[in-house]
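What follows is a short report on a single structure.
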Amino acid sequence: MQLNIKYFGLIAELTSCGEEQLEFQGTKIEEVLEKLFEKYPDLKTKDFQVAQNREIVSNDSKITGGDIALLPPFSGG
Amino acid sequence: MSRYSRHIILSEVGQKGQDKLNSAKVLVIGAGGLGCPVLQYIVASGVGQVGIVDFDKVDISNLQRQVLFGTSSVGMNKAIAAKKRLEDLNETINIYAIPEQLTIKNVLQIFKDYDIIVDGTDNFSTRYLINDVALQLNKPVVYGAIYKFEGQVSVFNYNHGPSYRCLFPIPPKEGSIANCSEVGVLGVLPGIIGTMMANEVIKIVLNFDGVLSGKLLCYNSKTSEVSTLKIKRNPVEIDKIKSQPDLSYLSIEDNCTAVKEITNDKLNFKKNIQFVDVREFHEEPKIELSNCLQIPLRELEENINQIDTSQTIVAFCQSGIRSKKAVEILLNQGVTNCYSLKGGVMSLFEKQSI
């Protein structure tokens, strides 16, 4: 299936894009992350949460929709 | 016409709503990029009691975005400078400046006098401290955070809604995410995010339905795109914090121990200081001192054993950014008696310290 992955903050800098499409065969969020870690090895060292269909989910959640977002914490004030 | 007439004629606010605002007690932590606009709008709205916590001083580089301050405020404590300006904006309310760093020791004493806490800080350790204490005391937190051109806004611990820990359970390592002083920020961004935070404060006071609880609003100033992501309450994370007998776990868990900085005028040049120059070998000016070691930042971790850790360690680089990273590395290795030289090597020459 086709996933639309959106990146925020320094994750978007690391991937050099705000969002991208990813062809994916699998069932869980963590499998998507594995695929992204292959593409962007530095991503492994970053802190972030995953949202699916605009809802924060855990990495062992099942893929239920095509919209994934990777959201790092921000500290600036 | 009265000061608040434009509020009062709104049927959703009215005199009743204005009275609520006038009796609200709001604590703003951090009078920086986010804190300044929050303060301006809540003070103008007539929030009856406003506390401002900030230990830092106004720097000329703050004025690009912290528009509450003027050139005449440079060098003053931010909480005191903010109070001075805000009292002119609205002299009918009570404003308290608390020129201290928020810590495990003073947080309960400071929080007890307020009903709503606003997190406008610039570091993770204070953010987790604010969240956890507010969670334990059942006080809502209006949260905002920024990175370059992007901002996040939410309301945590509101009517038993999610907390910051339901979004990011564990504090990230300090240094893994840079703050504005290191990577820059578009001046108008904290103005937008801080104004959204002020809006949430007022919605909470007025008991409006649409308080941004259980949602994280993400704003991108480059694309003007807004994404709102749902956050679920995580009872496991919340119970973990609520069951803590005191706050001592925070200092243990704290990956983000604030890096201590030292300015050259505070260096007392006794023999027990070990300077560590973390610049590359080719960088100028060279510092040749018997108590100065040169270990480039990228080689520091594997060469910590070269440093005499029984001494006070002062790391420096060209401008004071890499040396902060160096101090983080040292802290992570259990070396605690270490400072980063603010302003870097050039500051050493300002007052002929060496």
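The values are calculated or read from the model by the stated rules, or taken from the named source; none is laboratory data. As the structure is a prediction and not an experimental result, all values here were calculated from the model. As a convention, Cβ positions derive from the backbone with ideal geometry for all residues, glycine included, and neighbour counts pool all protein chains shown. Surface areas here come from the heavy atoms of the whole protein model, side chains and all, with no ligands, DNA or RNA. Shrake-Rupley method; radii C 1.70, N 1.55, O 1.52, S 1.80 Å.
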* Under 6 Å between Cβ atoms, at least 6 apart or on separate chains: pull out the pairs that start in region B:1-18 with a residue that is of a type in the set (S, T, N, Q) and end on any residue that is surrounded by 11 or more Cβ atoms within 10 Å (Cβ to Cβ). => B:Q15/B:I8; B:Q18/B:Y4; B:Q18/B:H7; B:Q18/B:I8
* Would a scan of region A:22-32 turn up a residue that is open to solvent by less than 70 Å² (accessible area, probe 1.4 Å), over 30 Å from B:G30 (Cα atoms) and in a loop (DSSP other than H, G, I, E, B)? -> yes
* Qualifying positions in region B:151-163 - within 11 Å of another protein chain (Cβ to nearest Cβ) and either in a loop (DSSP other than H, G, I, E, B) or free of Cβ contacts under 8 Å to residues at least 40 places away in the same chain (or both) -> B:P162
* Structure fact -> With the first residue restricted to region B:202-228 and required to be under 21 Å from B:P190 (Cα atoms), and the second required to be open to solvent by 30 Å² or more (accessible area, probe 1.4 Å) and of a type in the set (F, W, Y), Cβ contacts under 7 Å at 6 or more apart or on different chains are B:I204/B:Y158; B:V211/B:Y158; B:S213/B:Y158; B:N220/B:F149; B:S221/B:F149; B:K222/B:F149; B:V226/B:Y219
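The rows are residues; the columns are (1) in contact with a strand residue (DSSP E or B) (Cβ under 7 Å, 6 or more places away or on another chain); (2) open to solvent by 30 Å² or more (accessible area, probe 1.4 Å); (3) over 27 Å from B:V183 (Cβ atoms).
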residue: B:E261; (1), (2), (3): yes, yes, no
residue: B:E302; (1), (2), (3): no, yes, no
residue: B:K324; (1), (2), (3): yes, yes, no
residue: B:N337; (1), (2), (3): yes, yes, yes
* Which condition number in (1) within 14 Å of another protein chain (Cβ to nearest Cβ); (2) outside any strand (DSSP E or B); (3) crowded, with 16+ Cβ neighbours inside 10 Å is the one that A:I5 fails? -> (2)
* Residues being more than 9 Å from chain B (Cβ to nearest Cβ) and touching a residue at least 40 places away in the same chain (Cβ under 8 Å) - total across region A:64-75 -> 4
* Asked: So which of A:E55, A:E38 is open to solvent by less than 60 Å² (accessible area, probe 1.4 Å) and without any contact (Cβ under 8 Å) to a residue 24 or more places away in the chain?
  -> A:E55
* Quick check: anything in region B:67-86 under 18 Å from B:G144 (Cα atoms) and touching a residue at least 40 places away in the same chain (Cβ under 8 Å)? -> yes
* Go through (1) outside any helix (DSSP H, G or I); (2) farther than 20 Å from B:R165 by Cα; (3) touching a helix residue (DSSP H, G or I) at 6+ places or on another chain (Cβ under 8 Å) one by one and return the number of the condition A:G65 breaks. => (3)
* Flag if B:L341 is touching a residue at least 60 places away in the same chain (Cβ under 8 Å) and open to solvent by less than 30 Å² (accessible area, probe 1.4 Å) -> yes
* Residue satisfying condition, being under 29 Å from B:I170 (Cβ atoms) and more than 23 Å from the chain's Cα centre (by Cα), within set B:N207, B:N234, B:N220 -> B:N234
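Here's the yes/no breakdown for (1) in a helix (DSSP H, G or I); (2) within 23 Å of B:E150 (Cβ to Cβ); (3) out of contact with any helix residue (DSSP H, G or I) (no Cβ under 9 Å at 6 or more places or on another chain); (4) away from chain A (no Cβ under 14 Å):
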position	(1), (2), (3), (4)
B:N199	yes, yes, no, yes
B:K203	yes, yes, yes, yes
B:D209	no, no, no, yes
B:L216	no, yes, no, no
B:T228	no, yes, yes, no
B:R233	no, no, no, no
B:E237	yes, no, no, no
B:P245	no, no, yes, yes
* Residue in region B:243-252 that is surrounded by 12 or more Cβ atoms within 10 Å (Cβ to Cβ) and modelled with pLDDT under 80 present -> yes
* **Top-ranked residue in region B:182-196 [being more than 10 Å from chain A (Cβ to nearest Cβ) and in a helix (DSSP H, G or I); ranked as least open to solvent (accessible area, probe 1.4 Å)]** => B:G191
